[in-house]
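Beneath this line is the structure, given in structure tokens, with notes to follow.
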Amino acid sequence: MTQGSAVIGEGTVLASERAKRILAQWNDLRADRIAPRRSEVDPLDLFDFLPTLAMIKISEGGDGFQFSLIGTGLAKIYGLVTRQFVSRAAFPQPTKEALQQALQLCVTERSPVHGVWPQVKAMNDVKVDIEVVFLPISEDGIEVSRILGYHAITL
């Protein structure tokens, strides 16, 4: 099982229309900056995506990630809870590693990251294919301070 992610670029093909829509909304919010500010990302504007979204805080030093908002769909897929650190989450190691690598790539590159993770072991040992899009948020326009994560089961 390979669970890779890459920075979104000119040749990136997103698997779903919903992923394209959330990326387009993020691009509209950021305008010509590297990323929008947290105050500009209103969950009500992303209402259609809420079950599949997570807001992820980045600890000082940029190497720790904590969920500050978790959609109900993500809670069902991963069994996550609010304020949980990725490193302490109970989901399988390959998924945890893929998530940490994608988040770190988003922070390091200060760019959106996309991945399609095949056969992720979800709750109750069900295996599903998941598409992820991680979108940086920056309070100062230089460093990534949070990440908006979209996760959805692909059919």
- ALA24 vs. criteria outside any loop (DSSP other than H, G, I, E, B) and within 21 Å of VAL120 (Cα to Cα): no
- Message: Residues that are surrounded by 17 or more Cβ atoms within 10 Å (Cβ to Cβ) and among the basic types (Lys, Arg): does the range 69-88 have at least one?
- Response: no
- Note on the structure: Expected output for the range 100-128 (first residue without any contact (Cβ under 8 Å) to a residue 40 or more places away in the chain and closer than 21 Å to ALA90 by Cβ, partner of a type in the set (S, T, N, Q) and buried (at least 16 other Cβ atoms within 10 Å of the Cβ), Cβ below 7 Å, 6+ apart or cross-chain) is LYS121/THR95
- Does PHE49 meet the test of being closer than 27 Å to VAL126 by Cβ and in contact with a helix residue (DSSP H, G or I) (Cβ under 6 Å, 6 or more places away or on another chain)? yes
- Message: I'm told ASP63 meets every condition in (1) more than 17 Å from LEU23 (Cα to Cα); (2) modelled with pLDDT of 90 or more except one. Can you identify the failing condition by its number?
- Response: (2)
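Restricting to the range 31-81, name every residue that is assigned to a helix (DSSP H, G or I) and polar (S, T, N, Q).
SER39, THR52, THR72
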- Message: It is to be established whether one or more residues within the range 1-15 are of a type in the set (Gly, Ala, Ser) and modelled with pLDDT of 90 or more.
- Response: no
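Output the residue which, of all residues in the range 20-49 that are of a type in the set (A, V, I, L, M) and surrounded by fewer than 14 Cβ atoms within 10 Å (Cβ to Cβ), is modelled with the highest pLDDT. Write out each step before concluding.
If we filter the range 20-49 for residues that are of a type in the set (A, V, I, L, M), which is where we start, we get 22-24, 29, 31, 34-35, 41, 44, 46.
Filter again for surrounded by fewer than 14 Cβ atoms within 10 Å (Cβ to Cβ), leaving 24, 31, 44.
Numbers: ALA24: 94, ALA31: 90, LEU44: 84.
Out of the qualifying residues, it is ALA24.
Among what's in the range 101-120 and is over 14 Å from ILE34 (Cβ atoms) and of a type in the set (S, T, N, Q), pick the residue that is farthest from the chain's Cα centre (by Cα).
Filtering first and then ranking leaves GLN119.
The values are calculated or read from the model by the stated rules, or taken from the named source; none is laboratory data. Everything numeric here is computed off the predicted structure, so don't read it as measured data. All Cβ positions, even for glycine, are placed from backbone atoms using ideal geometry, and neighbour counts span all protein chains on display.
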